[in-house]
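I have placed the structure first, in the form of structure tokens, so that the comments after it can refer back to it.
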Amino acid sequence: MSDEDKQLAGDLALAVVRLARYLRGHQDHASALSLTQVSVLTAICYDGPMTPTELAHRERVQPPSMTRTIASLINAGLAQRLPHPTDGRQALISLTEAGREATTAEKTARDGWLEQQLASLDPGQREILRAALPTMNTLITRTIASRGAARPMVQRLDH
């Protein structure tokens, strides 16, 4: 890897971390959801019902941590357990209507902030970002595939 590529890797990592931090800071403040809860709700919204094990793998946490997060979402009325269609030993975690509404509110808050930021850029800068998205999604998809994740994380959330 060239020195320029090493510099690109460092610069890109820093930019992504900073952007993620700002996006997290622009959550729907009406909700009292933790970042982990928002991430789990969003994962289920994107990819549909999942087992607790799939969610733990997806979120890169230990199963006991995911069990606590799922319990808190169920207790808040945002998620529910459904019987697994092919394995009676497992359950699927899905969103309730309240969970879908909470996910939409979180997305609206984040997207609103980012839309304001994008509006401050000139059209050329926005086009550069637009052109970079497929490459960034490829990086993410390859990482997921190398971890053996059952479902890709890169999808659109359209409501």
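Overview of values
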{"item": "Region 93-119, subset hydroxyl-bearing (Ser, Thr, Tyr) and assigned to a helix (DSSP H, G or I), residue surrounded by the fewest Cβ atoms within 10 Å (Cβ to Cβ)", "result": "Thr108"}
{"item": "Those residues of region 101-117 which are more than 18 Å from Thr36 (Cβ to Cβ) and either of a type outside the set (A, V, I, L, M) or in contact with a Cys (Cβ under 6 Å, 6 or more places away or on another chain) (or both), in sequence order", "result": "Glu101, Thr104, Thr108, Asp111, Gly112, Trp113, Glu115, Gln116, Gln117"}
{"item": "Single condition Ile44 does not satisfy, out of (1) modelled with pLDDT under 95; (2) not in a loop (DSSP other than H, G, I, E, B)", "result": "(1)"}
{"item": "Matching residues in region 52-73 - criterion: being buried (at least 16 other Cβ atoms within 10 Å of the Cβ) and in a loop (DSSP other than H, G, I, E, B)", "result": "Val61"}
{"item": "Among the residues listed as Ala56, Ala109, Ala105, the single one being free of Cβ contacts under 8 Å to residues at least 60 places away in the same chain, out of contact with any strand residue (DSSP E or B) (no Cβ under 7 Å at 6 or more places or on another chain), closer than 28 Å to Val16 by Cβ and not charged (D, E, K, R)", "result": "Ala56"}
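The values are calculated or read from the model by the stated rules, or taken from the named source; none is laboratory data. Please read all numbers here as calculations on a predicted model, not as lab measurements. Note that each Cβ is placed from the backbone with ideal geometry, even for glycine, and that neighbours are counted across all protein chains shown.
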